[in-house]
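A short worksheet on the structure shown next.
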Amino acid sequence: MLKIIVQSFTLLCLTVTVQAASLGGLIKDAISNEPLPYATVALDGTSVAVSSDEAGKFLFDDIQAGTYNVSVRLVGYQSKKLFNVLVNGTRRLSLEISMEPDRKVLGEVTINAGLFNKIEEAPISVYGIGEAEIKRNPGGNRDISKAIQSLPGVAAVAGFRNDLIIRGGSSNENRFYLDGIEIPNINHFSTQGATGGPVGLINVDFIRSVDFFAGSFPANRGNALSSIMDFKLKEGRSDRKAGYAFTLGASDLALTADGSPTEKSNFIVSYRRSYLQFLFQLLQLPFLPTYDDAMVRYKFKIDDKNELTILALGALDRVRLNTAENESEQQKIILETIPRNNQWNYTTGLVYKHYRKSSYATLVLSRNELNNEAIKYKDNNENNPSGLILNYNSRETENKIRLEHTARTTSLKINGGILAEYVNYTNSTFNRLPFVGTIDYSSAINFFKYGFFGQASGSVLKRKLGITFGFRADGNTFNSNMANVIRQLSPRVSFSYDITSRVALSTNIGRYYQLPAYTILGYRNNAGTLVNRSQAKYVSNDQIVLGVSYTSAKALKISIEAFVKKYKNYPFDLKDSVSIANLGSDFGVIGNVPVAYNNDGIARGVELLLQQRLNKSMYGILAYTFVNSEFETIEGNLAPSSWDFRHIVSATAGKYFKRNWELGMRYRYNSGAPYTPINIPASSIKSNFDITGGGIPDFSRVNSLRTNAFQQLDMRIDKKYFFKSWSLNIFLDIQNITNSKTLLDPTFTVQRDANGTPLTDPQNPDAYLTKFLSNESGSTIPTIGLIIEF
């Protein structure tokens, strides 16, 4: 199969076409939004350079289509470099480049300012990733979560999930912002109470760049303990009213349109539809997932001082059972454990910005909603009401407002603001559980969240020492413990010292807070009591990060960072006697249990990064992380968390060749992941197995075993054609090209006779005979994809 796909790909790439292209844009002040004339804009590696005109506009016309690094220089401003800018022959690419005033001027220009653009508010633990790096990521399937796995501190989870495990923290500790609008999750088929899932729901055709914060979080981005991802979205095309792109990927079809209806406005809109259900049916899998998503961004420049951006995205996910596929033991296990599931979510919002001479104000209004439904019957017979095992229906709704003001003085950059949010959560749960019996309740809660924040950045000692101080205070009306914002006062301070023009020493110390999931706050017992309300409190996380970095003149960065994260008040599951911090790596719902808010943990480690940005047609990144993550057991002892991956390695490299060919390779490695063994006596009891269809973890031995190490090598080959009015990108993406296997924790099941009926244990008539099946993950997955733009 792989040989046939490779041969077919080769036949598709026999001809070569080169088409002239154009690149234009606007250079402006990042604070006042005023256009900047006479900035020098150059295409690195060529002799081509232009200057912005009096209106701040620049244009490269009749250049060869391809990928460029774009450098911008202007006296009095920090030099800036945009890496891997994709220039297409079918459209004029339009860039809006914001320039920061230079407060660290040496002579006329800053020596290294443009090579790795720094964020003043977060001088450490921040990584940038651009459009091209996301799209071309080998094995990434144009998915931002998989692209992020190339960075330090990020573990690669074996299997097909997209969980972001950052520096030993749980997947529910991440937050995501699109153009300043918070969205609750970036994955289809999300796990409620966490943020993971198997497929990304953001079309990467919208993404211009992503700032990934693994620490030193800006004060205006809250409710996160492990990471913040801040997406900057693309502008619609400026050369005509509408253009289109069609993408055939590994799992879906996408249609994207963008354009500029007027001189002051632009839009980009997309719709995607999966065809996973057809592939799963061909592979005779017993469950068939289907997803749809849509996204739209509209920007209107009212005048030079006012602009409005409107954003909307939504997803519809469905999982139905393919009960005809029930012959193998693995098929039977899946059919016995997976419910039929329907899920939808959306986020809508607007961002209004008003600019002044040395400051600007930002108003953000948004609403997001998640609806999650799951139902399960014994033997999947929905005509038998007495066989109902699970009937779950829950909805989360958030309405948010945030007002910010950003100003720059001669020596400081200052940001501050206030926020408010109204939350509504409903839950209707019927669930039969081993030992517990039947849980049957309905719940509805609503409350307000509120807070304020501030941050200031400046420099001293002849501008060699940069200092950033910030604070944040959050509260809510859910209970009196959390109403007083001073109890959740979150200070943070960062220092960055330039030892030389190329070597910098940086550190960050901060305390961060996160509200427990609504599934925890809204849980009730059968009597209707809101059992997790009175003692509820925010989870806190104290972080210390220390790092040193070196940047060469040829865009090579080497950095080492050490970090410590100390958790307090994590919810502890009183039903299963396990920290909620260990959960979230599977589908379903996390936190629908009684909890105590008294669990502590610690994650510590060191990261090494070598990153070569695009230079002479080559790029690459090597990241190594050692992390030790532990949380308390019911006895109060520290035990490895589910995210204690220890050694994490990622190496990505690529090269552009003549005639628009590109080759990329990525290797990933994790040490074995901890897992909890099965309680065999409890799992074998007939009444328990008939409910669960699988094993019951023995949390008295939480994470006492480990899987085999995970490793995978991916490859991607791209070939681009540029015609007069359209372009074609053909790519071959091969995940796990070496067909490496990872042996995961074994699957518990029962022994059956020839008719599939479970066998009774002759020593215990109330129990089944049990066994374990080998649980292997990893197979070669080749994909031929097409991207057509016109």
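Here are the numbers:
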{"quantity": "Contact order relative to length of the chain, as percent, for alpha carbon pairs under 8 angstrom and 6 or more apart", "calculated": "11"}
{"quantity": "Kirkwood estimate for the chain, i.e. one over the average of 1/r between Cα atoms, Å", "calculated": "27.7"}
{"quantity": "Compactness index (Cα Rg / 2.2 N^0.38 Å), region 385-491", "calculated": "1.73"}
{"quantity": "Three-way shape label, region 148-256, alpha-carbon gyration tensor, a/c 1.5", "calculated": "oblate"}
{"quantity": "DSSP-assigned coil residues among chymotrypsin sites (Phe, Trp or Tyr not before Pro) in region 729-779, each with at most 12 further Cβ atoms within 10 Å", "calculated": "none"}
{"quantity": "Accessible area of Trp661 in the full protein assembly, 1.4 Å probe (Å², nearest 10)", "calculated": "80"}
{"quantity": "Per principal axis, descending, Cα span of region 651-707 in whole Å", "calculated": "65, 24, 10"}
{"quantity": "Overall dimensions of region 165-229 by Cα: Rg and Dmax, Å", "calculated": "11.6, 30"}
{"quantity": "Rg [Å, one decimal], Dmax [Å, integer] - region 614-712, C-alpha atoms", "calculated": "21.2, 66"}
{"quantity": "FRET efficiency for Lys655 and Glu34, using Cβ-Cβ distance with R0 set to 45 Å, rounded to 0.05", "calculated": "0.65"}
{"quantity": "Under 16 Å from the Cα of Lys565 - aspartates and glutamates, other chains or at least 8 residues apart", "calculated": "Glu173, Asp542, Asp600, Glu607, Glu630, Glu632, Asp644"}
{"quantity": "Quotient of C-alpha Rg and 2.2 N^0.38 Å, computed over region 724-787", "calculated": "2.13"}
{"quantity": "Region 727-790 versus region 296-341: alpha-carbon centroid distance in Å", "calculated": "22"}
{"quantity": "Selection from Leu614, Val210, Asn764, by position along the positive dipole direction of the chain (Cβ)", "calculated": "Leu614"}
{"quantity": "At most 13 other Cβ within 10 Å, DSSP loop - GluC sites (Glu not before Pro), region 611-653", "calculated": "Glu635"}
{"quantity": "Average accessible surface area per residue within the chain, 1.4 Å rolling probe, Å²", "calculated": "40"}
{"quantity": "Accessible surface of His405 - all protein chains present, 1.4 Å probe, nearest 10 Å²", "calculated": "80"}
{"quantity": "Residues Ser740 and Ile509, FRET efficiency given R0 of 30 Å [Cβ-Cβ distance, rounded to 0.05]", "calculated": "0.15"}
{"quantity": "Column: log10 I(q)/I(0), Debye, Cα scatterers of region 516-578, q = 0.16, 0.24, 0.27 Å⁻¹", "calculated": "-0.69, -1.05, -1.16"}
{"quantity": "Qualifying lysines (Cα of each under 17 Å from Cα of Lys80; at least 8 residues distant if same chain)", "calculated": "Lys28, Lys57, Lys104, Lys118, Lys232, Lys554, Lys557"}
{"quantity": "For region 570-656, alpha-carbon Rg relative to the globular expectation (2.2 N^0.38 Å, N residues)", "calculated": "1.56"}
{"quantity": "Over 23 Å (Cα to Cα) - which of Lys299/Lys655; Lys332/Lys378; Lys332/Lys376 fall in this group", "calculated": "Lys299/Lys655"}
{"quantity": "Trypsin sites (Lys or Arg not before Pro) within region 342-392: DSSP coil, no more than 16 neighbouring Cβ in 10 Å", "calculated": "Arg356, Lys357"}
{"quantity": "Reach of Lys566 by Cα under 24 Å, taken over lysines that are not fewer than 8 positions away in the same chain", "calculated": "Lys537"}
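The values are calculated or read from the model by the stated rules, or taken from the named source; none is laboratory data. Every value quoted in this text rests on a predicted model; they were computed, and no experiment measured them. No Cβ is skipped: glycine too gets one built from the backbone with ideal geometry, and neighbour counts run over all protein chains shown. Accessible surface is based on the protein model in full, side chains and every heavy atom, while ligands, DNA and RNA are left aside. Shrake-Rupley method; radii C 1.70, N 1.55, O 1.52, S 1.80 Å.
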